[in-house]
1. Find the residue count for region 197-215, including only residues that are within 11 Å of the ligand (Cβ to nearest atom) and within 17 Å of Gly234 (Cα to Cα).
2. Any chance region 276-289 includes a residue that's assigned to a loop (DSSP other than H, G, I, E, B), within 11 Å of the ligand (Cβ to nearest atom) and not aliphatic (A, V, I, L, M)?
3. Whether any residue in region 163-171 is hydroxyl-bearing (Ser, Thr, Tyr), surrounded by fewer than 22 Cβ atoms within 10 Å (Cβ to Cβ) and within 16 Å of the ligand (Cβ to nearest atom) is what I want to check.
4. Does region 35-48 include one or more residues that are touching a residue at least 60 places away in the same chain (Cβ under 8 Å) and within 30 Å of Glu20 (Cβ to Cβ)?
5. Among residues belonging to region 236-265 that are of a type in the set (S, T, N, Q) and more than 9 Å from the ligand (Cβ to nearest atom), point out the one that is surrounded by the most Cβ atoms within 10 Å (Cβ to Cβ).
6. How about region 126-147: which of its residues are of a type in the set (Gly, Ala, Ser) and either within 12 Å of the ligand (Cβ to nearest atom) or under 22 Å from Ala112 (Cβ atoms) (or both)?
Amino acid sequence: MYQLIDGKATSAQIKEEIAEEVKQFVKQGGKIPHLAAILVGHDGASETYVASKERSCQQVGFNSTIIRLEDSITEAELLKKVEEINKNVDIDGLIVQLPLPDHINEQKVIEAVLPEKDVDGFHPVNVGRMVIGLPAFISATPAGILELFKRYNIKTSGKSCVVIGRSNIVGKPMGILLSRKSEYGNATVTLCHSRTPNIKEVCLNADIVIAALGKAEFLTGDMVKEGAVVIDVGITRVKSDKTKSGWKLLGDVKFDEVAPKCSYITPVPGGVGPMTIVSLLKNTLLASKEK
Ligand code: NAP
């Protein structure tokens, strides 16, 4: 029988811990942590994510600011806005919600954020520091997954791990973190992507599979071995006539087939998603304290 990894409950617990830490920090004369988010345009999913981040800030006692900009904004204007926030001493963390409109170079914007305020952990300085094991802001989704491993006492040392997806924000940092010489590292990692020819065989040998490719229900029951730990990062919105909203979320894992073979598995929704947000909160608290 598999155990469900409950990201919703775990994140609620961590939020309580953060709220308590904030209280103590402020009591001792510290400043209330402040997270700013830049939202360009009106993409539905981005609106939802930013609103959820704002709600989470309120829950833990942070200040938060959403800077809404029209998608007609030029790259230069956006970079100027980032610069303004970099200089604002009251703001500890800045996130720029991705994706950005096509006429804006995302990498340029990521690199414009001060590394000390880059609580998303996307800036090359933070990525580089993470790679060589120095203290850094770690990309929120992989950090959230490691936190789930800790909270559920899932050992990675000596295990064979497969990460499907090599994006800069999820797959690549996840692979690096799992192979680091540290307690929740020390795994032997295989990083798969769209050019990997034999994903099924690779996954069948894995103790831990992390699916982060964004293809709904890609990982099927015949692709995992008995007793595997499966972490589902994917979020795909599909139309549904069974929900009030008219759509539902699917993960990258075909849950009903895969779960019976697993020792541990995350659901979608309620698995990795809520943990991503608490990692962001943790990074913001750290940014605030380090100042
Ligand atoms: P991304 O930038 O689109 O990257 C997808 C990766 O998957 C790429 O490396 C791609 O390979 C690989 N891929 C695509 N199709 C594949 C296939 N058929 N077989 C093997 N590999 C394949 O995606 P992302 O930003 O990492 O996000 C991945 C998913 O996670 C999305 O559904 C996203 O919504 C979700 N997500 C969830 C959270 C959360 O908090 N739960 C956070 C971030 C992202 P190539 O490099 O060869 O193109």
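1. Of the residues in region 197-215, 8 are within 11 Å of the ligand (Cβ to nearest atom) and within 17 Å of Gly234 (Cα to Cα).
2. no
3. There is at least one residue in region 163-171 that is hydroxyl-bearing (Ser, Thr, Tyr), surrounded by fewer than 22 Cβ atoms within 10 Å (Cβ to Cβ) and within 16 Å of the ligand (Cβ to nearest atom).
4. Yes: one or more hits.
5. Ser263
6. If the condition is that a residue be of a type in the set (Gly, Ala, Ser) and either within 12 Å of the ligand (Cβ to nearest atom) or under 22 Å from Ala112 (Cβ atoms) (or both), then Gly128, Ala136, Ser139, Ala140, Ala143, Gly144 are the ones that fit.
Results for (1) in contact with a helix residue (DSSP H, G or I) (Cβ under 9 Å, 6 or more places away or on another chain); (2) of a type outside the set (Val, Ile, Thr); (3) more than 27 Å from Lys15 (Cα to Cα), shown as yes or no for each residue.
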{"residue": "Glu54", "(1), (2), (3)": "no, yes, no"}
{"residue": "Ile73", "(1), (2), (3)": "yes, no, yes"}
{"residue": "Pro115", "(1), (2), (3)": "yes, yes, no"}
{"residue": "Asp118", "(1), (2), (3)": "yes, yes, no"}
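Residues are listed down the side, and each one gets a yes or a no for (1) under 17 Å from Asp6 (Cα atoms); (2) modelled with pLDDT under 95; (3) in contact with a Phe, Trp or Tyr (Cβ under 9 Å, 6 or more places away or on another chain):
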site: Met174; (1), (2), (3): no, no, no
site: Asn186; (1), (2), (3): no, no, no
site: Ser194; (1), (2), (3): no, no, no
site: Ala206; (1), (2), (3): no, no, no
site: Glu226; (1), (2), (3): no, no, no
site: Val233; (1), (2), (3): yes, no, no
site: Val238; (1), (2), (3): no, yes, yes
site: Val268; (1), (2), (3): yes, no, yes
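The values are calculated or read from the model by the stated rules, or taken from the named source; none is laboratory data. Computed from a predicted model, the values in this text were never measured in an experiment. Don't worry about glycine lacking a Cβ; one is built from the backbone with ideal geometry, like all the others, and counts go over all protein chains shown.
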